[in-house]
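The values are calculated or read from the model by the stated rules, or taken from the named source; none is laboratory data. Computed from a predicted model, the values in this text were never measured in an experiment. Please note: Cβ atoms are built from the backbone with ideal geometry, for glycine as well, and neighbour counts cover all protein chains shown.
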Amino acid sequence: MNFSVTIVGFCSCHNNDVFNQQGSIHTDCIAEVGRRLRHVSYQDRLRIAVWHHNIEGPPIQHDYMDPDIVQNLIDGGFSLGFHGHQHKPQFLDTRYRHGPDRHITVISAGTLCGGAAFQFCRAYNLIELDTGKRTGRLHLRGMQNDNLQMPIWGPRYLPQNSTSYLDFKFDPPPEPFVRLNSGETALIEAGGVLRKRRISQSGTGVFIARGIQSAGAPPLVGMPDPA
């Protein structure tokens, strides 16, 4: 089953040590991911970014990530972002400040085994996504008892919400730099298969060639008849 979703995991611990607790993602990582996502195989797929550090915090703390990095993720076409670190559930919509009207929906999760934030218990998220309608539902599950060795999990109210779930919408995947037709896409995919030597020199090559032609690509000259 193809869910048309691409999940990219980023390390937000760049330059992080005992003297610098601020979160950061290396710029080369974001640039390289953006380059790879231009490949036709990622065309029209929902992009989800995952990292560790939260993107905001109180003035007396500095162990969170520069929110400008999130602007780079929006520029890279990411529609959803998931993170932890602060050990409390949170839902944020961040707009893009440098061009097209795009935004990223950032969802924070609680912790399963670490120390929970003040007024929050140990918790985790369940997220439903409808990539066709571009809608989602965030469910919060938290500990119902006090036994850390044998927790009982159940629905919990989301902060500033009267229910244990929250419905939201997210942006579609970005438009590709070059929109290929189905025949061109089939040719590229078949070329990848050939380069990886996944077919033999028998009738399998004919089968792939026929599939390319049925997808709308021009006929291949000199291809032997399977009969």
Going by the conditions given, is Asp167 on the phi < 0 side of the Ramachandran plot and at pLDDT 85 or above?
yes
Checked segment 144-163 for anything surrounded by 15 or more Cβ atoms within 10 Å (Cβ to Cβ) and at pLDDT below 85; matches are Leu158
Exactly one of Arg47, Arg35 is without any contact (Cβ under 8 Å) to a residue 12 or more places away in the chain, within 19 Å of Gly76 (Cα to Cα) and not in a loop (DSSP other than H, G, I, E, B), and that one is Arg35
Note on segment 68-89: residues part of a loop (DSSP other than H, G, I, E, B), among the aromatic types (Phe, Trp, Tyr) and surrounded by fewer than 20 Cβ atoms within 10 Å (Cβ to Cβ) are none
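Quick one: is Val18 touching a helix residue (DSSP H, G or I) at 6+ places or on another chain (Cβ under 9 Å) and of a type in the set (A, V, I, L, M, F, W, C)?
Values: touching a helix residue (DSSP H, G or I) at 6+ places or on another chain (Cβ under 9 Å): no; of a type in the set (A, V, I, L, M, F, W, C): yes.
Judged against the criteria, Val18 is not a match.
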Test Ser41 against the criterion of being within 20 Å of Phe82 (Cα to Cα) and assigned by TED's automatic domain parsing to the domain that holds Glu56, and give yes or no. no
The one condition Tyr64 fails out of (1) at pLDDT 85 or above; (2) surrounded by 12 or more Cβ atoms within 10 Å (Cβ to Cβ); (3) hydroxyl-bearing (Ser, Thr, Tyr) is (1)
It is to be established whether one or more residues within segment 16-24 are of a type in the set (Ser, Thr, Tyr) and at pLDDT below 85.
yes
